[in-house]
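Presented below is the structure to which this report refers.
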Amino acid sequence: MTTSVLLDSGVVNRCRRRVHLEHDPTMADATTAPPDPTGEQRKADAAAHRRSIADEIAGLVGPGWTEIPRGSEVRASDREQMTLDAMADGARFIWAAQLPRDQAGGRRGHMDLLVAVKGGYVPVLVVRHKVSDPGSGAQTTSLSKPWPDARRQDKRRRVRPQPRDVLRLAHTYRLLQACGYAAPGPALGGVVGLDGDVVVWHDLEAPTWPGGRDALAEYDARFADRLAVANAAATGAEALAQPSRIVECRTCPWWPICQVELQKTRDVSLVVRGEEAASLRAAGVRTVDDLAVLDPDDESLPPTGMPMSDAVGLAKAWLADLTVVRRIPEIHVPRAQVEVDVDMESFGDAGAYLWGALLTGADVGEAPGYRAFATWEPLPTDDEARSFAAFWQWLTVVRLRARARGLSFRAYCYNELAENRWLLSSAKRFAGKPGIPTTEQVQAFITSDAWFDLFGSVRDHFLCSRGKGLKTIAPAAGFAWRDAEASGENSMRWYRDAVGMDGAAPDAVQRNRLLEYNEDDVRATHALRTWMSSPAVYAVPYVGDL
């Protein structure tokens, strides 16, 4: 196939429709969503991690380290030639390599590290996530010997499956083959993960994928598909990928474009996402209207990842323009005499800078109302330990005082995954510092009846046609945020200004904005559960009556 485009390794993990839009010349001036600040921060953190690992390996291996300059002032073609020259000279280690473009194969790309072995080079990727777990069986080498011949079976680690990483290595292997510098023998590639202590090696020809496929075969199939999609888009041929709502849509810059198309066609994926929507389309259920009239008890229908009655109910709610309908007739939320609503604010993976709490109910000798436990030192910082300890100690005092007075206690959050992650992480990272609980104490709390996730209650009691996010559901209870721009994404931008992360002076106005945002989040949780416990909730239609 003649190709008119060059694709990087990311396409094999990317939505097919996104690949189309990225190469459709008619979309050049389309209005896309602004960059996701969380994603931007992850990229910055990953770049810092790569730089740290590069410096460490360079110091360990000594002579033979070659670094290809990068930056906006260096053209990609120049970086390719520098990389090619370094390989021709037999450089032992080439950092920030830009591989020569493979015009015939439609590939382009770069790799963190190329390591010389007899007859060629092997790629090593540096990532900021875990690549191994406790166990045994992984093939690893130390950072001081980052070449595959030194690998040994590790008795303390097993490989954590990370398909994205392995497919990136496969992409680089194909680029090395195209320019004649792929190492002979088994196709190998290494990954240095978040721990940054070893290289975990992967055999790209081992049958580790479903159906007995190896990573190269999986990569080749995916890349060929994405290349066909991109070429069709670039040449104006019939599109090979149509829009469909999936999880990736949440952070995709092209979502505003796809959303308009999906709403225009009333596509079934607006209610049922991913593979389930594709299965329904294959069965002739293409629109929300089609789904709404199905018989939920029809056993010939494909599975939807949820009870078919829920899928049909969601379709009916969507058609009636109802954000929320009752899934079951009766609504019940556990309540207590002393109640605390909790919400945490974090900045990417750097840490949790703010714990907010709203105390209501019976008197326990603590002033009712909202309070914030924050650090305004840029994360990561040890001052996070102080703010977390202050929050935990205050929460513990409230619980103990409630118990001493014979009062029931319960703390609430909305979607406990985030809060639980940072509760446990904070206890582990700051173990031994003043006021920090043990991980056992935190685990005992979050698994007790004293900690209640309201998100689970919403999921069990309601069908939500526009999503179950707090900012979508709380308005049904009559709650409104003071800030019209309140969102998790915007809070990331506000935080950067609040702590002076980008070189400017810390902005007190943005600090106050974050505090109000957090307070509104905990008050929204309070308003939602109060509403769910009141007769007013029965004004929401029951799905069986639609």
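Report yes if Asn490 is farther than 20 Å from Glu416 by Cα, outside any loop (DSSP other than H, G, I, E, B) and within 24 Å of the chain's Cα centre (by Cα), otherwise no. In short, yes. When each of Ala91, Ala96, Ala104, Ala44 is tested for being closer than 29 Å to Val19 by Cα, of a type in the set (A, V, I, L, M, F, W, C) and part of a loop (DSSP other than H, G, I, E, B), the lone residue that passes is Ala104. Once region 334-379 is narrowed to residues that are charged (D, E, K, R), open to solvent by 20 Å² or more (accessible area, probe 1.4 Å) and under 30 Å from the mean Cα position of the chain (by Cα), the residue that is modelled with the lowest pLDDT is Asp349.
Checking the condition of a type outside the set (Gly, Ala, Ser) and either open to solvent by 40 Å² or more (accessible area, probe 1.4 Å) or free of Cβ contacts under 8 Å to residues at least 12 places away in the same chain (or both), which residue from Leu314, Leu301, Leu319 passes? Among Leu314, Leu301, Leu319, only Leu319 is of a type outside the set (Gly, Ala, Ser) and either open to solvent by 40 Å² or more (accessible area, probe 1.4 Å) or free of Cβ contacts under 8 Å to residues at least 12 places away in the same chain (or both). Please tell me if Arg174 is of a type in the set (Lys, Arg), modelled with pLDDT of 95 or more and farther than 19 Å from Leu125 by Cα. It is false that Arg174 is of a type in the set (Lys, Arg), modelled with pLDDT of 95 or more and farther than 19 Å from Leu125 by Cα. Kindly indicate which of Ala498, Ala504, Ala480 is open to solvent by 30 Å² or more (accessible area, probe 1.4 Å), more than 30 Å from Arg327 (Cβ to Cβ) and either touching a Lys or Arg at 6+ places or on another chain (Cβ under 6 Å) or of a type in the set (Gly, Ala, Ser) (or both). Every option except Ala504 fails the conditions. Of the residues making up region 475-507, those that are free of Cβ contacts under 8 Å to residues at least 40 places away in the same chain and either of a type in the set (Gly, Ala, Ser) or touching a Cys at 6+ places or on another chain (Cβ under 8 Å) (or both) are Ala480, Ala484, Ala486, Ser487, Gly503, Ala504, Ala505.
Selection within region 114-136: residues that are in a strand (DSSP E or B) and under 25 Å from the mean Cα position of the chain (by Cα). The member of this set that is surrounded by the fewest Cβ atoms within 10 Å (Cβ to Cβ) is Pro134.
This table checks each residue for (1) in contact with a helix residue (DSSP H, G or I) (Cβ under 7 Å, 6 or more places away or on another chain); (2) touching a residue at least 24 places away in the same chain (Cβ under 8 Å); (3) open to solvent by less than 50 Å² (accessible area, probe 1.4 Å); (4) under 29 Å from Val537 (Cβ atoms).
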| position | (1), (2), (3), (4) |
| --- | --- |
| Asn231 | no, yes, yes, no |
| Ala283 | no, no, no, no |
| Thr287 | yes, no, yes, no |
| Val293 | no, no, no, yes |
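Looking only at region 462-474, how many residues end up being within 24 Å of Asp289 (Cα to Cα), touching a helix residue (DSSP H, G or I) at 6+ places or on another chain (Cβ under 7 Å) and either open to solvent by less than 50 Å² (accessible area, probe 1.4 Å) or without any contact (Cβ under 8 Å) to a residue 12 or more places away in the chain (or both)? Number satisfying all stated conditions: 4.
Checking region 250-260 against the condition returns a match, with at least one residue being at pLDDT below 95, open to solvent by 20 Å² or more (accessible area, probe 1.4 Å), within 16 Å of Val11 (Cα to Cα) and assigned to a helix (DSSP H, G or I).
The values are calculated or read from the model by the stated rules, or taken from the named source; none is laboratory data. The structure presented is a predicted model; accordingly, all values stated were derived computationally and were not measured. Cβ atoms come from the backbone with ideal geometry, glycine included; neighbour counts cover every protein chain shown. Accessible surface areas use protein heavy atoms only, side chains included; no ligands, DNA or RNA. Shrake-Rupley method; radii C 1.70, N 1.55, O 1.52, S 1.80 Å.
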